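First the structure, in the form of structure tokens, and then the observations on it.
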Amino acid sequence: MSEGKAIVQLKQATKIYGSPKRQVVAVENITLTIHVGEFVTVMGPSGSGKSTLLHLAGCLDTLTSGEYLFEGMPVERLGKNRLAEIRNQKIGFVFQTFYLLPRLTAVANVALPLVYRGISSKEQQHHAMAMLEKVGLKDRAYHSPAELSGGEQQRVAIARALIGRPVLILADEPTGNLDSETAGQVMALLQTIRQELSVTILLVTHDPKIAALGGRAIKMRDGQIVE
Ligand code: ADP
Ligand code: MG
């Protein structure tokens, strides 16, 4: 995959929730192109449509109107199975709350997305260990989430998001539960990963200091891009 190629192309994208009587326009007429290898941050107040934009980009939700091309493919015309495949194989998600399974070790949490890929559990373990090493947590592999700090848990979640070798990482307030120093470390890790694994990152935050640590910054208000 070459740099400079478009990975996310939203064209006059609009997402309206609710019934015809009580409509909420969550995303309104957004046109946005993200190229391979970019680190784009989306900033804006609560309710401005940031998460909705991320859901749309992640094929978790469909547009009410407009067009979305993912790697040049028109998402609206893809079937449910193909969309699930794209989500599983091309996209990694990272959230504010880490969603680690409490009864599994760090390495087992990282390996989870590989369970349905038809490779041996030994291979799964091997890949998960390598990814934990990449996020600097090899020595915590057999700890449970409760035995890890918030920053460490988020690094495990990032390793899990990366394990399937996605081309796009979507992160919704990934530093929202972390102190500013740890948040800075997580942002630095994402920058490193972006370069080393050449993934594209779209990251939502309401914190301007965090947004400044990404690449291109986009500002949203009332469902629209204002800057
Ligand atoms: P942000 O992430 O910037 O806080 P959201 O994208 O979550 O904003 O929400 C944008 C708007 O859309 C808000 O008014 C929110 O209440 C509304 N909204 C989001 N998801 C839904 C949903 N599933 N059903 C109805 N309204 C929603
Ligand atoms: Mg949100």
*For ALA171, state whether it is of a type outside the set (Val, Ile, Thr) and touching a residue at least 40 places away in the same chain (Cβ under 8 Å).*
yes
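Before we move on, is GLY136 out of contact with any strand residue (DSSP E or B) (no Cβ under 6 Å at 6 or more places or on another chain) and open to solvent by 30 Å² or more (accessible area, probe 1.4 Å)? Break it down into steps so the answer makes sense when it comes.
On the way: out of contact with any strand residue (DSSP E or B) (no Cβ under 6 Å at 6 or more places or on another chain): yes; open to solvent by 30 Å² or more (accessible area, probe 1.4 Å): yes.
Yes, satisfied.
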*Kindly list, by first and then second residue, each pair from a residue in the range 26-53 that is on the phi > 0 side of the Ramachandran plot to a residue that is in a loop (DSSP other than H, G, I, E, B) and open to solvent by less than 10 Å² (accessible area, probe 1.4 Å), limited to pairs with Cβ atoms under 6 Å and residues at least 6 apart or on different chains.*
GLY49/GLY223
*Look at the range 63-74 and say how many of its residues are open to solvent by less than 40 Å² (accessible area, probe 1.4 Å) and under 14 Å from ALA6 (Cα atoms).*
4
*Quick one: which helices (runs of 4 or more DSSP H) sit completely within the range 102-209 and have at least 3 residues that are under 25 Å from ILE7 (Cα atoms)?*
150-162, 180-196
*Name every residue in the range 109-145 that is over 14 Å from ILE163 (Cα atoms), among the polar types (S, T, N, Q) and at pLDDT 95 or above, in order of residue number.*
SER144
*Of all strands (runs of 3 or more DSSP E) completely enclosed by the range 1-93, which ones contain at least 1 residues that are over 17 Å from the mean Cα position of the chain (by Cα)?*
6-18, 23-35, 65-70
*Tell me which residues, restricted to the range 17-40, are open to solvent by less than 50 Å² (accessible area, probe 1.4 Å) and within 13 Å of ligand 1 (Cβ to nearest atom).*
ALA26, VAL27, ILE30
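The values are calculated or read from the model by the stated rules, or taken from the named source; none is laboratory data. Keep in mind it's a predicted model, so treat the numbers as computed, not measured. Virtual Cβ from ideal backbone geometry, glycine too; neighbours counted across all protein chains shown. Heavy atoms of the whole protein, side chains included, go into the accessibility calculation; ligands, DNA and RNA do not. Shrake-Rupley method; radii C 1.70, N 1.55, O 1.52, S 1.80 Å.
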